[in-house]
Amino acid sequence: MALLVGALRLNLLANSRNFYKFTSFVGVRSLSENVSSKSVTSSSPEVAGDHVIYTQEHFALKESLKKLIDQEINPHVEQWEAEGKFPAHKVFKILGSAGFLGVNRPTEYGGLGLDYSYSVAVAEELGNIRCGGIPMAIGVQTDMATPALARFGTAELKKEFLLPSIMGDKVACLGVSEVGAGSDVSSIKTKAVRKGDEYVINGGKMWTTNGTQADWMCLLANTSDGPPHRNKSLICLPMNLPGVHIARKISKIGMWSSDTAEVFFDDVHVPCKNIIGQEGMGFTYQMLQFQEERLWAVANALTSMDTIIQETIQYTRQRKIFKQPVLYHQAVHFRLAELQTEVELLRSLLYQATALYVKGNDVTKLASMAKLKTGRLARELSDGCLQYWGGMGFTSDVLVSRFYRDFRLISIGGGADEVMLGIICKYMDMLPRK
Amino acid sequence: MSGRVLVGVKRVIDYAVKIRVKPDNSGVVTDGVKHSMNPFCEIAVEEAVKLKEKKLIKEVVAVSCGPQQSQETIRTALAMGADRGIHVEVAGKDYETLGPLQVSKIMAALAKKEDAQLIILGKQAIDDDCNQTGQMTAALLDWPQGTFASEVSLDGDKVKVVREIDGGLETIKISTPAVLTADLRLNTPRYATLPNIMKAKKKKIANVKPADLGVDLTSRLEVLKVEEPPQRQAGVKVETVEDLVGKLKETGRI
């Protein structure tokens, strides 16, 4: 009877609608997928009532998004990583139609008007995508290029750019960093000079995620000659305007499925009505959404970190060394326990910051701490776990090596570790006084 | 015809979870373990919602028998497009012994009460693999049944069902009211979109007790023991065909 049960279960797995997921990884990542595809890694409580910030609706959202990822995204990750680009319009349309691109955006523009905890739930669940590039690209669309527009844009502007971005019909990108200005946002050089009722834009942007596929860019440019924190504005820039040159797709050591572009602006004319909110307020607007952006990155990385630990446990359980599983060596299971402990600590910080933020508090200090810790823990964890995979960890056939490469960006992008430290010190009042 | 379809949905341990047997061998560990809707029930819900979208039926009612948590399973069905839910409350000892016979009695009673035109169920649940509820329900109601359905089409008061059978596919035509059970290839269930998940919150779930339906839950079965399947033994490699035949003779297989 047991054999029949086992056979039926196997039958279900083999024939299930997830069959194409199995076939797509034959040859590559086969070891990793075999080990992990059936693992349930959530350390959240089973009962919705016990969770600190999530309700039944959050769990229903996560379950639905997981299904979408399993059906529409994960089967293609290998291919898209190899090609160096994922089809942003196609994937965003699928996500947008299911309502996942505007969970806390206004309902008038296709959003769901839910609070930020739902964005965190989406970010967490996107961590189930088997790479870092695609969640990052989605994060840019939902929480980097659109928050200021949603909050300060005119109705006309929101209809033209926000609504289609939430529906998944338009791909957005963010133009802030430049070749000469990364952490030092105030020293960007791109200029938008007013001529009649148009701005003429000259300059360039760097590290533009989605850059080669975007329909519009949320551009930060100097619009006057005033003090550096008060002379910048955010402008909705259609990417098909004459003078917009996508110079190159940057070749990176990780995040391969996300296309990153260097963009130049050569006398680009854009109507003045495309400005978001008030002229001169661009810098302030962009800073306002940093808390959301950083907590989003934390939520996303945590799930992937869980996955890496689980896959490492499963791999080391079946891999033998000196006649017993690698996992049985105390150094190994003790280290994995240490890493999981750190993950849970970071998760608690995330939920605390989210709960406070949803209630209307400023969580800049906690969000910066969480982002700082995430960048460092992700590197430590992926490096430590990779070691236990031995030679296999060094191959392109496993998930841990992909995240080893992808995670390195967290300490750099979205606010470098050093910037986070500066913010925390400021809040702790330790910076040298003027 | 009422145009109403009852869909049974069962809350089971998630298919991806590694099942563990309780130390006392009385059952499997369910506390703190991830549960979700039985995959075949998802297919059943999807089929019902598709029929409604084609305007062939008017209302989809999701039914689940079990403890409080079964309401989450009904909510998933509502998020997929069911119109309302019925939670038949069964808890404690009664829930432990709840099986196809009891559930089919409940479904039959509800079908009469709700004047259902169709009952769609999953072909079996992935926890007990009984594959009985659909058949028993049809027998109790004296309705025709189309089980292991891989294709369903409504035509007036008749239903054409293509069934997956051992020899291949069998096509039958039955009259409504009828019971159908969904097989794997009937459809691919949709993922609930976020707007629908939020809308599902407002849909009604009625609470019903088995006694209200006049159903006796007494079980005629007693589980004596639950054991893990035997550990898979290592195989033996042989070099030649002669070796293989020798080994088979040795172990008395031939």
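In table form, for the structure just shown:
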| read-out | value |
| --- | --- |
| Members of region A:125-159 found to be over 27 Å from A:Asp406 (Cβ atoms) and acidic (Asp, Glu), listed by number | A:Glu156 |
| Test: residue in region A:142-151 that is among the small types (Gly, Ala, Ser) and over 20 Å from A:Gly277 (Cα atoms) | no |
| A:Ser64, sole failed condition from (1) without any contact (Cβ under 8 Å) to a residue 60 or more places away in the chain; (2) among the polar types (S, T, N, Q); (3) outside any helix (DSSP H, G or I) | (3) |
| Condition met for B:Asp142 (at positive phi and more than 14 Å from chain A (Cβ to nearest Cβ)) | yes |
| Residue count for region B:7-22, restricted to those that are part of a loop (DSSP other than H, G, I, E, B), more than 10 Å from chain A (Cβ to nearest Cβ) and surrounded by 15 or more Cβ atoms within 10 Å (Cβ to Cβ) | 2 |
| Failed item in (1) more than 14 Å from every other protein chain (Cβ to nearest Cβ); (2) more than 14 Å from B:Ser2 (Cα to Cα), with B:Ala77 passing the rest | (1) |
| Pair list, Cβ under 7 Å, 6 or more apart: region A:67-80 residue more than 14 Å from chain B (Cβ to nearest Cβ), other residue hydrophobic (A, V, I, L, M, F, W, C) | A:Val77/A:Ile129; A:Val77/A:Cys131; A:Glu78/A:Phe25; A:Glu78/A:Val28; A:Trp80/A:Phe86 |
| Residue match in region B:46-53 (condition: crowded, with 21+ Cβ neighbours inside 10 Å, within 10 Å of chain A (Cβ to nearest Cβ), among the charged types (D, E, K, R) and part of a helix (DSSP H, G or I)) | no |
| Region B:3-43: number of residues that are touching a helix residue (DSSP H, G or I) at 6+ places or on another chain (Cβ under 8 Å) and among the small types (Gly, Ala, Ser) | 3 |
| Some residue of region B:105-113 being crowded, with 24+ Cβ neighbours inside 10 Å and within 14 Å of chain A (Cβ to nearest Cβ) | no |
| Single match in B:Leu98, B:Leu110 (criterion: farther than 21 Å from B:Lys50 by Cα and in a helix (DSSP H, G or I)) | B:Leu110 |
| Tally of residues being more than 14 Å from every other protein chain (Cβ to nearest Cβ) and buried (at least 17 other Cβ atoms within 10 Å of the Cβ) across region B:189-212 | 2 |
| Considering residues of region B:221-233 that are more than 13 Å from chain A (Cβ to nearest Cβ) and more than 21 Å from the chain's Cα centre (by Cα) only, the residue modelled with the lowest pLDDT | B:Gln233 |
| Which listed residue, of B:Thr171, B:Thr240, B:Thr176, is more than 25 Å from B:Ile106 (Cβ to Cβ), among the hydroxyl-bearing types (Ser, Thr, Tyr) and under 23 Å from the mean Cα position of the chain (by Cα) | B:Thr171 |
| Residue among A:Val77, A:Val122 that is closer than 16 Å to A:Ala137 by Cα and buried (at least 24 other Cβ atoms within 10 Å of the Cβ) | A:Val122 |
| Filter result for A:Gln56 (without any contact (Cβ under 8 Å) to a residue 12 or more places away in the chain and farther than 18 Å from A:Asn300 by Cβ) | yes |
| Failed item, numbered, when A:Ile253 is tested on (1) surrounded by 20 or more Cβ atoms within 10 Å (Cβ to Cβ); (2) β-branched (Val, Ile, Thr); (3) touching a residue at least 60 places away in the same chain (Cβ under 8 Å) | (1) |
| B:Thr30 being more than 16 Å from B:Thr188 (Cα to Cα), within 14 Å of another protein chain (Cβ to nearest Cβ), among the hydroxyl-bearing types (Ser, Thr, Tyr) and part of a loop (DSSP other than H, G, I, E, B) | yes |
| In region A:173-196, the residues that are charged (D, E, K, R) and at pLDDT 95 or above | A:Glu178, A:Lys189, A:Lys191, A:Arg194, A:Lys195 |
| Criterion (within 19 Å of the chain's Cα centre (by Cα), surrounded by 15 or more Cβ atoms within 10 Å (Cβ to Cβ), acidic (Asp, Glu) and over 27 Å from A:Leu114 (Cα atoms)) met by exactly one of A:Asp406, A:Asp397 | A:Asp406 |
| Close pairs from region B:176-188: first more than 14 Å from every other protein chain (Cβ to nearest Cβ), partner of a type in the set (Lys, Arg), Cβ under 8 Å, at least 6 apart | B:Thr176/B:Lys158; B:Thr181/B:Lys123 |
| Any hit, region A:415-423, residues being modelled with pLDDT under 95 and of a type outside the set (Asp, Glu) | yes |
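Conditions (1) surrounded by 19 or more Cβ atoms within 10 Å (Cβ to Cβ); (2) under 30 Å from A:Val193 (Cα atoms), marked per residue:
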position	(1), (2)
A:Phe283	yes, yes
A:Gln318	no, no
A:Val326	yes, no
A:Gln330	no, no
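So that you can scan it fast, the table gives a plain yes or no per residue for (1) over 21 Å from the mean Cα position of the chain (by Cα); (2) in a loop (DSSP other than H, G, I, E, B):
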position	(1), (2)
A:Ala145	no, yes
A:Ala150	no, no
A:Glu156	yes, no
A:Lys159	yes, no
A:Pro164	no, no
A:Asp169	no, yes
A:Cys173	no, no
A:Ser186	yes, no
A:Lys189	yes, yes
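Yes or no, residue by residue, for (1) assigned to a loop (DSSP other than H, G, I, E, B); (2) more than 12 Å from chain A (Cβ to nearest Cβ); (3) within 30 Å of B:Val223 (Cβ to Cβ):
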site	(1), (2), (3)
B:Val5	no, yes, no
B:Asp24	yes, yes, yes
B:Phe40	no, no, yes
B:Ile57	yes, yes, no
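The values are calculated or read from the model by the stated rules, or taken from the named source; none is laboratory data. None of these values were measured; they are calculated from a predicted model. With ideal geometry, Cβ positions are generated from the backbone for all residues, glycine too; neighbour counts draw on all protein chains shown.
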